[in-house]
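Asker: Questions regarding the structure given below will be posed in turn.
The values are calculated or read from the model by the stated rules, or taken from the named source; none is laboratory data. Quantities reported herein were computed from a predicted structural model and do not represent experimental measurements. Note that we place each Cβ from the backbone using ideal geometry, even for glycine, and neighbour counts take in every protein chain shown.
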Amino acid sequence: MKIVHNASILGLAILTMMSAAAAVDYQAEGRSWWAHIQYLAGDKLEGRDTGSAGHKLAAQYVAGEFERSGLKPAGASGYIQPVKFDVSHIDEPASSLDLIRDGKVQRLKLGEDAAFSLRSGIAPAFEGAAVFAGYGFAVPEHKYDELSGLDVKGKIVVYLSGGPKSIPGELMSHYQSAGERWKHLHALGAAGTVVIANPKSMDVPWERAALSRFMPSMSLADPSSDPSADPSADEPAGAMLSVSFNAANADKLLAGSGHSIGEILAAAGSGQPLPKFPLMVRIRSKVSVKKSAAESQNVAGILPGTDPKLKDEYVVVSAHLDHIGVGKPIGGDSIYNGAMDDASGIASVLEIARHLQQSKTKLKRSILFLAVTGEEKGLQGSRYFATHPTVKAKSIVADINMDMFLPLYPLKYLVVYGLEESTLGDQMKAVAAAAGVELQKDREPERNIFIRSDQYSFIKQGVPSLFFKFGNLPGSPEEKMEKEWLRVRYHAPSDDLSQPVDKAAAARFNEMIRELTVRAANGTAKPAWKKESFFRRFEK
Ligand SMILES: [Zn+2]
């Protein structure tokens with residue numbers, strides 16, 4: 001009787017396990033994922049701006065969930081790693097930007113013609129000559145240099161965003177990052193930069209992008225994170241002027257040079273090289289900045305591995321907790337909730353942690369779950385964690401980062417950034433094959449996605465990383481949905497809880513990322529850059 005009884009329980013257990021393996025309830029999993037977003041992207045958290053009370057509540061929520069999932073605290077105190085910031089606000093009425101031509105002054109309209117970028121700590125006042133330098137960057141590996149033969153000494157370098165199609169996307173992204181670009185221009189003696197934003201590579205129209213100039217600019221206050229002291233920092237230091245210019249009004253800059261913005265955009269569109277020429281204008285700036293200080297939070301928790309040696313190595317699973325807070329109202333709404341950007345990624349981190357703990361999945365390496373602050377301020381929280389890790393610096397072996405993966409439709413295609421760069425990519429290929437999901441190449445390298453989220457902070461410390469986005473087919477309704485989402489909801493108050501999201505598709509995505517995490521944790525060798533990968537150079 002007893003034996004039979006036990007056997008029937010065992011049989012039932014096996015049956016339950018089998019049915020669980022055969023049919024995951026993605027609808028229910030999707031609802032569980034969405035529940036986190038409902039809290040994090042609710043109006044109460046006021047858009048989780050870096051340094052705000054809403055962000056602090058979000059950090060406490062994540063710490064609470066980490067604790068419920070049995071993670072070991074891995075912050076500086078408990079799960080929290082405090083991060084201190086210097087904050088700059090533009091005082092626009094007290095600032096000005098002028099073009100001087102033949103002694104005549106043309107005052108530009110800030111916001112309409114151009115906007116100052118404060119992140120580089122620009123000079124309070126400057127005046128200088130300007131030169132148009134094509135795309136304004138160089139890629140030594142491809143013997144490509146837009147600056148060769150140009151005299152930029154003491155001048156403002158004006159350039160068009162984007163680059164030639166002939167250069168691989170990830171490489172181009174790296175050299176176009178603010179830090180790399182400025183390193184090169186600074187060495188040539190340039191005084192500052194004006195970027196003309198190519199409307200084709202902008203995620204949102206100029207009018208909406210320009211609103212972000214009222215949001216505070218932040219840099220890490222920790223002196224050991226000072227960009228000039230950290231050669232891997234993504235921050236330009238020593239620029240007198242940093243401005244972005246509305247392409248629609250860029251002929252104001254080009255007048256008298258014999259070139260027009262129409263001609264330059266047409267050349268860019270058809271893949272022709274861009275002209276380079278001196279501008280017949282001097283640029284004069286006056287910048288008034290209000291300064292303050294802020295503190296925000298990274299949140300970290302560890303699911304320990306069990307292998308006596310490998311448990312001291314960490315696979316990081318990350319997403320950013322911050323969004324852009326409260327801003328100029330659009331359609332009567334001023335709370336920028338950031339549901340997809342990036343409450344969605346945080347919800348995935350929480351779900352993966354919960355699942356791995358509940359299923360008692362055997363892990364050789366440890367997993368470090370990480371929610372970072374300050375992503376929207378220039379990957380600041382992740383840079384702080386990557387340069388001030390709460391575990392031994394060299395023990396981080398991978399970063400699997402999720403930011404705005406956009407589950408707007410069923411998961412058939414996935415774009416994986418960094419796929420060909422490391423063995424982590426090979427593990428992802430195996431995961432995708434098993435899930436029946438087709439991996440896609442990045443069709444829009446000009447958007448520089450690979451360097452635009454927190455994985456880049458880890459890449460610069462030599463850590464192999466991957467980053468993901470739902471894919472689609474060219475010309476498909478899904479592609480249209482994605483483009484429409486970027487145009488209307490990206491960094492707008494409508495990235496909120498009322499938008500349609502395919503929650504079951506998100507649950508399938510979470511399952512794939514969880515599977516990747518397990519493979520990275522249990523692989524015999526730790527993830528490594530491919531021999532031929534450009535990013536291998538950051539290995540320490
Ligand atoms: Zn964002």
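Asker: Would you please list the contacts, defined by Cβ atoms under 6 Å and residues six or more apart or on different chains, that run from a residue in region 264-276 that is free of Cβ contacts under 8 Å to residues at least 24 places away in the same chain to a residue that is part of a loop (DSSP other than H, G, I, E, B) and surrounded by 12 or more Cβ atoms within 10 Å (Cβ to Cβ)?
Answerer: Taking only residues 6 or more apart or on different chains, the pairs are A267/L274.
Asker: Inside region 407-434, can you point out the residues that are within 25 Å of Q499 (Cβ to Cβ) and surrounded by fewer than 21 Cβ atoms within 10 Å (Cβ to Cβ)?
Answerer: Initially, region 407-434 is screened for residues within 25 Å of Q499 (Cβ to Cβ), giving 407-417.
Residues satisfying the conditions are L408, Y409, P410, K412, Y413, V415.
Asker: Of the conditions (1) more than 27 Å from T361 (Cα to Cα); (2) touching a strand residue (DSSP E or B) at 6+ places or on another chain (Cβ under 6 Å), A520 satisfies every one except a single condition; which number is it?
Answerer: Here A520 meets the rest and fails (1).
Asker: Of the numbered conditions (1) in a strand (DSSP E or B); (2) surrounded by fewer than 18 Cβ atoms within 10 Å (Cβ to Cβ), P93 satisfies every one except a single condition; which is it?
Answerer: (1)
Asker: Kindly indicate the residue of region 487-505 that is within 18 Å of S32 (Cβ to Cβ) and crowded, with 18+ Cβ neighbours inside 10 Å and also farthest from the ligand (Cβ to nearest atom) among those meeting that condition.
Answerer: Applying the first criterion (within 18 Å of S32 (Cβ to Cβ)) to region 487-505 yields 497, 501-505.
From what is left, the residues that are crowded, with 18+ Cβ neighbours inside 10 Å are 501-505.
Values: V501: 16, D502: 20, K503: 21, A504: 24, A505: 21 Å.
Ranking the qualifying residues of region 487-505, first place goes to A504.
Asker: Can you tell me which of (1) at pLDDT 95 or above; (2) farther than 30 Å from V287 by Cβ is the one L99 doesn't meet?
Answerer: That leaves (2) as the condition not met.
Asker: Among the listed residues I167, I156, identify the single one that is of a type in the set (V, I, T), in contact (Cβ under 8 Å) with a residue 40 or more places away in the chain and in the same structural domain as S260 (by TED's automatic domain parsing). Can you show your working first?
Answerer: On the way: I167 fails: in contact (Cβ under 8 Å) with a residue 40 or more places away in the chain.
On inspection, the qualifying residue turns out to be I156.
Asker: Working carefully through the options K540, K460, find the one that is surrounded by fewer than 18 Cβ atoms within 10 Å (Cβ to Cβ) and touching a residue at least 24 places away in the same chain (Cβ under 8 Å). Reasoning before the result, please.
Answerer: Working: K460 fails: surrounded by fewer than 18 Cβ atoms within 10 Å (Cβ to Cβ).
The unique qualifying residue is K540.
Asker: Out of the residues in region 300-312 that are closer than 16 Å to P73 by Cα and buried (at least 18 other Cβ atoms within 10 Å of the Cβ), which is nearest to the ligand (Cβ to nearest atom)?
Answerer: Let us first name the residues in region 300-312 that are closer than 16 Å to P73 by Cα, namely 300-305, 311-312.
Within this subset, residues satisfying the condition of being buried (at least 18 other Cβ atoms within 10 Å of the Cβ) are 300-303, 305.
On the way: A300: 21, G301: 23, I302: 27, L303: 27, G305: 32 Å.
Filtering region 300-312 for residues that are closer than 16 Å to P73 by Cα and buried (at least 18 other Cβ atoms within 10 Å of the Cβ), the one nearest to the ligand (Cβ to nearest atom) comes out as A300.
Asker: Within region 100-120, how many residues turn out to be more than 24 Å from P205 (Cβ to Cβ) and surrounded by 18 or more Cβ atoms within 10 Å (Cβ to Cβ)?
Answerer: 1
Asker: Identify all residues within region 214-237 that are assigned to a loop (DSSP other than H, G, I, E, B) and either acidic (D, E) or at pLDDT below 80 (or both); write none if there are none. Spell out the reasoning first.
Answerer: Taking region 214-237 first, the residues assigned to a loop (DSSP other than H, G, I, E, B) are 215-216, 221-222, 226, 230-237.
D222, D226, D230, P231, S232, A233, D234, E235, P236, A237 - these are the residues of region 214-237 that are assigned to a loop (DSSP other than H, G, I, E, B) and either acidic (D, E) or at pLDDT below 80 (or both).
Asker: Let me ask you something else. Quick check on region 531-540: of everything there that is part of a helix (DSSP H, G or I) and among the basic types (K, R), which residue is modelled with the highest pLDDT? Before you say what the answer is, go through the steps one by one.
Answerer: Residues of region 531-540 part of a helix (DSSP H, G or I): 534-538.
Among the residues that remain, those that are also among the basic types (K, R) are: 536-537.
Numbers: R536: 89, R537: 85.
Once the filter is applied, the top-ranked residue is R536.
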